[in-house]
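Before any comments, here is the structure.
The values are calculated or read from the model by the stated rules, or taken from the named source; none is laboratory data. This is a predicted model, so every value here is computed, not measured. Cβ: placed from backbone, ideal geometry, glycine included. Neighbour counts: every protein chain shown. Note: accessible area is taken over every heavy atom of the protein model, side chains too, but ligands, DNA and RNA are not part of it. Shrake-Rupley method; radii C 1.70, N 1.55, O 1.52, S 1.80 Å.
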Amino acid sequence: MHRERKGGRSPEQLAIGLGWFSIALGMTGILAPRQLARTIGMRDASETTIRSFGAREVTNGLAILVQPDRAGWLWSRVGGDALDLSYLASSLGSDRNDGGRLGMAIAAVLGLTALDVVCARRLSERDDDFGSLPSGIVRVERSATINRPLDEVYRYWKNFENFPRFMRHVQSVEMLGDNRSRWRVSAPAGMTVEWEAEVLDDREGERIAWRSTQDSQIQNSGIVQFKAAPGARGTEVRVQLEYLPPAGRLGRSMAWLLGEEPDQQLYGDLRRFKQLMETGEIVLSDGPGLWRAAQPPADPQQVRSLAGVRS
């Protein structure tokens, strides 16, 4: 399985992690400035200065959580990192400070700065590739290579009622006719949401595009594309989703912490889809809830029958 972008995490996931780190570090500086200063070897540090740095970190972290797909907030973190490095380097000249601890603190900030730059650049490049999305809309994209014939994979996916077999959060999908379907999906905090969707484009063996209806609880749309994988390795499935998260960007950040964020869901769903198509069963329940029993196994012949493939 692989992503459209290199790396195991999406830039938004990395940004959210950096946002929470900023808040944790900032709150430490605000609530325990003296202890933080001693930890990094700065015995002559002003508590007021440490608290001001902490307030900056908290403010920056909150901004990232609200808009994790905006490169500007990550570049702002890079600027803050530069200030921190300058302050730490200037403190090396004081005999009262612990040079060894300060050196380790500088090395840690340099590593964090590199991470901030990587995340900011990935967000900037993604914006250049795709353009800015409307306010509040989030894009998720994943892909996987399935070692099964393209026609078989396409036909199994085309039947949305198969989705609860490999999508852990999908409770049921009911086909209503006229290219419409009703979805019932588990949400964070034990909630359940429902919506109706309509297929906008269905090209045999190539792509399926859909979107929720205007009166749906969750506004979302998606495209799944199918193509033969290089080297006769089966079928490449690429899924792109766009959705409007409940409670805005902050709601998305909280869902990420609870393991319910759609990017995480989609990653696990595609892994289970791959297992189901290739072996006829799902060996593990992926992601949060790994300790739970896997989805009920299916006979490989049954999977092929549901996909409309004859032996």
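Points worth noting:
- Theoretical FRET efficiency, 1/(1+(r/R0)^6), r = Cβ-Cβ of L31 and V117, R0 22 Å, to 0.05: 0.15
- Ranking M104, M175 by solvent-accessible area of protein heavy atoms (1.4 Å probe, all protein chains present), from largest to smallest, gives M104, M175.
- Inter-label distance for T39 and L85, nm, one decimal - labels placed 7 Å from Cα along Cα-to-Cβ: 2.2 nm
- Ligands, DNA and RNA aside, L31 has an accessible area near 130 Å² when probed at 1.4 Å.
- In loop segments of the stretch 33-131 as defined by DSSP, the trypsin sites (Lys or Arg not before Pro) with at most 15 further C-beta atoms inside 10 Å of their C-beta are R43, R96.
- For the pair E198 and D178 in one chain, pulling the backbone fully straight at 0.36 nm per residue adds 6.4 nm over the alpha carbon distance.
- Computed FRET value (nearest 0.05) for T49 with Q225, which takes r as the C-beta separation and R₀ as 45 Å: 0.25
- The R207 and E281 beta-carbon pair, evaluated with R₀ = 30 Å, returns a calculated FRET efficiency of approximately 0.65.
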